[in-house]
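*Asks:* Handing you this structure, nothing more for now.
Derivation of every value follows stated rules applied to the coordinates shown; laboratory data play no part. Everything numeric in this text was worked out from a predicted model, so none of it was measured. In this analysis, Cβ positions are derived from the backbone assuming ideal geometry, glycine residues included, and neighbour counts consider all displayed protein chains.
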Amino acid sequence: MPLSEYIIMRELNHPDINQFAVYRRVGGWETYAAALREQTPAALVQQVKDSGLRGRGGAGFPTGVKWGFLPKGVYPRYLLCNCDESEPGTFNNHQIIDRNPHQVIEGVALSAYAIECHTAYIYMRGEFASAALLLEQAIAEAYAAGFLGKNILGTGYDLDIYIHRGAGAYICGEETALMESLEGKLGQPRLKPPFPAVEGLYGKPTIINNVETLANVPRIIEKGVAWYRSHGTEKSPGTKCFSISGHVNRPGNYELPFGVPLRELIESPEYAGGMRGGRPVKIIIPGGASAPWLTAKHLDTPLDYEGVAAAGSMLGSGAVIVLDDSVKAPHVAYKMDEFFKHESCGKCTPCREGTHWLVKVLHRMAEEGHGEANDIPTLHSIYRQMEGNCFCLLGESAVMPIKSALELFPEEFEAIVKG
Amino acid sequence: MLLQTHQAEIETIIGRYPSKRSAVLPLLYLAQDTYGYLSPEAIREVAEILELPPTQVFEVVGFYTLFYDRPVGTWVIQVCDDVPCCYVGAEELIAALKATLGISEEQTTADGMFTLQRVKCLASCDRAPVVQANLDYIYDVHAERAEELLNNLRARAAEAKQRGVSGRFAEDYLLGPQGIVHIPRDAPYQQERGERK
Ligand SMILES: Cc1cc2nc3c(=O)[nH]c(=O)nc-3n(C[C@H](O)[C@H](O)[C@H](O)COP(=O)(O)O)c2cc1C
Ligand code: SF4
Ligand code: FES
């Protein structure tokens, strides 16, 4: 059943919500204004904690808990909104911005107030030039209405929000690489710890959250923790904008409560509408390119963090790629690892070299159809040398496609070797 | 010189950050929009404005894919060849573009109009195959639409020339009171596609 009231994709309830006046008419910015007047930052952090809101950027980390890691009394603090959105299969952040931009800005502003920060940056992938412009306009309207700037609504609270555009590099979505990039350096990850909440942007305590995560915050504060928790499951409360793509009839973003079965998302005529030409499902990548693959036998998996983990994968960013039996597993592994090779920042050897060799072998096998006797042991050996040895999660993620392909479809590799 | 032509804008940009160095990406964009690509002189100019050693700025230019350190076509056509695009028509589109333009990836047509590139996921996998022409998204570009796409882009370039705007991205931007304003050409999202009720 589609939701009757959307938390994020509210243009489905209010078609013109992208206009500032309409957003205001449906109560937009009122939650923020009331919070500034009536609530302490600590009370807001507590509500976000109680709501059980989990980060939508991939790890599903509880947002309120993260905010609680900020060291007491250390200022300035920064808030970073992560809109780098570059992992194959993920495409909801910029659509949320296109259709409901003011809620994103209100979410950033309300969260900034909650963590007692006065400067927030929204880091957008460089390709999102027109979405950046939409947000610039939304920010300008918020300044003009007195919701941003100095001494906001006479409360003494100051806040500036700026857009910062990246310039084409997936790794800049990784939180510490993003900070390096924003500081004007190469976007290469930093060693953790220290974690950003303690030592982040410009060495100051920093909170970084995904666009979708922050867009939830105004609704949680407005409608209350109990209302929010009435959606989704106990451990994965709320809704998720699932991005579904590949060989389905109606690819797109669908906001559904956590826990909805994978089958319903793929097959329901309300959502992805089944497979093109009625062909069978072969590979399901449930959480962006970094997620281990699932197959048709996992169609009853509930789409929440726990359910997908129990099936042996991860919900990640909620980007579901569904491929039919027209694809060959070695070729999908090749394309996926080509992505990781292309995006490897080159800082550490296991990832830089490992992705290079994986792609070299896979290219020969999958593109040229030419196998050698040792290919399968070689592929196993390459990813095993990467596993657990990469400096950041990009390199670890590059292991998933090849490992999944070899595990689930070994006969397709053997066939290439046999020639 | 950028500092003469865009002084107010540069000061606004630098003012957003506690450290000048943070302005390197926005200023490189400004230089690229103004000059068409990032020549060594342009890169040194940005370094000078930000009081950075030029090598640091050269390094940054090399790290990111949206910066061009050599001349490129009026239109850089970037076709996403990632999963899932490559399984729903992107390879056929690339083949059609190559055949029509008579160039391969990373090459520029003799008339300087088009540079063709393969790129990784453009975050619009639901509208595959996806193309970004300079900074404009163009969706659902199946191979049959290749000709139409190229004709459309040629017409826009001609129109820009008539208006007397120059620079690689200039045909997509106008200078407004708030700074550079983008003119969206293909709607970022078409509501009728979101057939959800
Ligand atoms: C290689 C890599 C790329 C990432 N890209 C993104 C991204 O584009 N957007 C995002 O929100 N998080 C991304 N993340 C996760 C971030 O590091 C971080 O966990 C997240 O922004 C935190 O926000 P959340 O708590 O709201 O999920 C990426 C992580 C890695 C390792
Ligand atoms: S794992 Fe890859 S992306 Fe991460 S630091 Fe190492 S080389 Fe860079
Ligand atoms: S794979 Fe082409 S836009 Fe995502």
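*Asks:* Using the Kirkwood radius over C-alpha pairs as Rh, can you work out the diffusion coefficient of region A:148-240 via Stokes-Einstein at 20 °C, viscosity 1.002 mPa s, in µm² per second?
*Replies:* Details: Rh = 16.0 Å.
In µm²/s, the coefficient rounds to 134.
*Asks:* Would you work out the relative contact order for chain A, in percent, from Cα pairs under 8 angstrom that are 6 or more residues apart? Don't skip to the answer; put the middle values down first.
*Replies:* On the way: 833 pairs, mean separation 63.5, N = 419.
Answer for chain A is 15 percent.
*Asks:* Run the quick spin-label model on A:Leu299 and A:Arg384: label points 7 Å from Cα toward the beta carbon, then report their separation in nm to one decimal.
*Replies:* If labels sit at A:Leu299 and A:Arg384, their model points lie 3.6 nm apart.
*Asks:* Still on this structure, I have one more. How far apart, in nm, are two points set 7 Å out from the Cα along the Cα-to-Cβ line at B:Glu144 and at B:Thr55?
*Replies:* 5.6 nm
*Asks:* Also: Taking N as the number of residues in region A:174-306, what is its Cα Rg relative to 2.2 N^0.38 Å? Don't skip to the end; give the middle numbers.
*Replies:* On the way: Rg = 18.6 Å, N = 133, 2.2 N^0.38 = 14.1 Å.
Its radius of gyration relative to the 2.2 N^0.38 Å reference: 1.32.
*Asks:* Taking the Cα centre of each part, how many Å lie between region A:232-304 and region A:85-113?
*Replies:* Cα centroid to Cα centroid, the span is 21 Å.
*Asks:* Next question. As an exercise, use a Förster radius of 35 Å and the Cβ-Cβ distance of A:Ala144 and B:Glu105 to find the FRET efficiency, rounded to the nearest 0.05.
*Replies:* Details: r = 45 Å, r/R0 = 1.30.
Calculated value: 0.15.
*Asks:* Okay, next question. Quote the charge dipole size of region A:329-418 about the Cα centre in Debye, to the nearest 20; the model charges only the Cβ of Lys and Arg (+1) and of Asp and Glu (-1). Don't jump to the answer; show the numbers that get you there.
*Replies:* Numbers: 9 positive and 14 negative charges, 61 e Å.
In total the dipole reaches around 300 debye.
*Asks:* Expressed in nm to one decimal, what extension gain is obtained for the pair B:Glu9 and B:Asp69 from 0.36 nm per residue of sequence separation less their Cα-Cα distance?
*Replies:* Working: separation 60, 0.36 × 60 = 21.60 nm, distance 2.29 nm.
Stretched fully, the B:Glu9-B:Asp69 segment lengthens by 19.3 nm.
*Asks:* Just flag the GluC sites (Glu not before Pro) in region B:1-100 sitting in loop per DSSP whose Cβ has no more than 13 other Cβ atoms within 10 Å. Walk me through the numbers before you get to the answer.
*Replies:* On the way: sites: B:Glu9, B:Glu11, B:Glu41, B:Glu45, B:Glu48, B:Glu51, B:Glu59, B:Glu91, B:Glu92; in loops: B:Glu51.
The qualifying sites are B:Glu51.
*Asks:* Return the distance in nm (one decimal) between the two label points of a simple spin-label model at A:Leu191 and A:His363, each offset 7 Å from Cα along Cα→Cβ.
*Replies:* 3.4 nm
*Asks:* Note down the Stokes-Einstein diffusion coefficient of region A:10-229 in µm²/s, whole number, using a Kirkwood radius over alpha carbon pairs, 25 °C, and 0.890 mPa s.
*Replies:* Values: Rh = 17.3 Å.
Translational D for this selection: 142 µm²/s.
*Asks:* Going toward the positive end of the dipole of region A:329-418, with +1 on Lys and Arg Cβ and -1 on Asp and Glu Cβ, which of A:Ser397, A:Thr349, A:Ala366 do you reach last?
*Replies:* A:Thr349
*Asks:* Let me ask something else about it. Would you mind working out the magnitude of the charge dipole of region B:2-63 relative to its Cα centre, with +1 at each Lys and Arg C-beta and -1 at each Asp and Glu C-beta, to the nearest 20 Debye? Could the numbers behind the result be given before it?
*Replies:* On the way: 4 positive and 8 negative charges, 37 e Å.
Approximately 180 debye in magnitude.
*Asks:* Given R₀ = 25 Å, what would the calculated FRET efficiency be for B:Gln117 paired with A:Arg352, taking r from the Cβ atoms and rounding to 0.05? Each step should come with its number before you reach the end.
*Replies:* Values: r = 22 Å, r/R0 = 0.89.
The calculated FRET efficiency here is 0.65.
*Asks:* Express the Stokes-Einstein translational diffusion coefficient of the protein assembly as shown in µm² s⁻¹, to the nearest whole number, given a Kirkwood radius over alpha-carbon pairs, 10 °C and a viscosity of 1.306 mPa s.
*Replies:* Numbers: Rh = 24.9 Å.
Translational D for this selection: 64 µm²/s.
*Asks:* Ok, one more. Determine the dipole magnitude for region A:10-229: charges of +1 sit on the beta-carbon of Lys and Arg, -1 on that of Asp and Glu, nothing else is charged, the reference point is the Cα centre, and the result goes in debye to the nearest 20. Before the final figure, lay out the partial values.
*Replies:* Values: 21 positive and 23 negative charges, 108 e Å.
With only Lys, Arg, Asp and Glu charged at Cβ, the dipole is about 520 debye.
*Asks:* Sum -39500 (n - 2.57) across every DSSP H segment of at least 4 residues in the protein assembly as shown, then divide by the residue count to get the 222 nm mean residue ellipticity, nearest 500.
*Replies:* Values: 24 runs with 249 residues, N = 616.
Theoretical 222 nm ellipticity from helices: -12000 deg cm²/dmol.
*Asks:* Computed FRET efficiency, Cβ-Cβ of B:Tyr37 and B:Ala158, R0 22 Å: what is it to the nearest 0.05?
*Replies:* Working: r = 21 Å, r/R0 = 0.95.
According to the calculation, E is roughly 0.55.
*Asks:* Would you please give the residues with an amide H less than 5 Å from that of B:Val76, counting only those at least 5 places away or on a separate chain, with H modeled from the backbone geometry?
*Replies:* Those qualifying (amide H under 5 Å, at least 5 residues apart or on another chain) are B:Thr115, B:Asn134.
*Asks:* Per residue and in cubic angstrom, what volume does the convex hull of the Cα atoms of region A:239-324 have?
*Replies:* Numbers: hull volume 6.0 nm³, N = 86.
About 69 Å³ per residue, rounded to a whole number.
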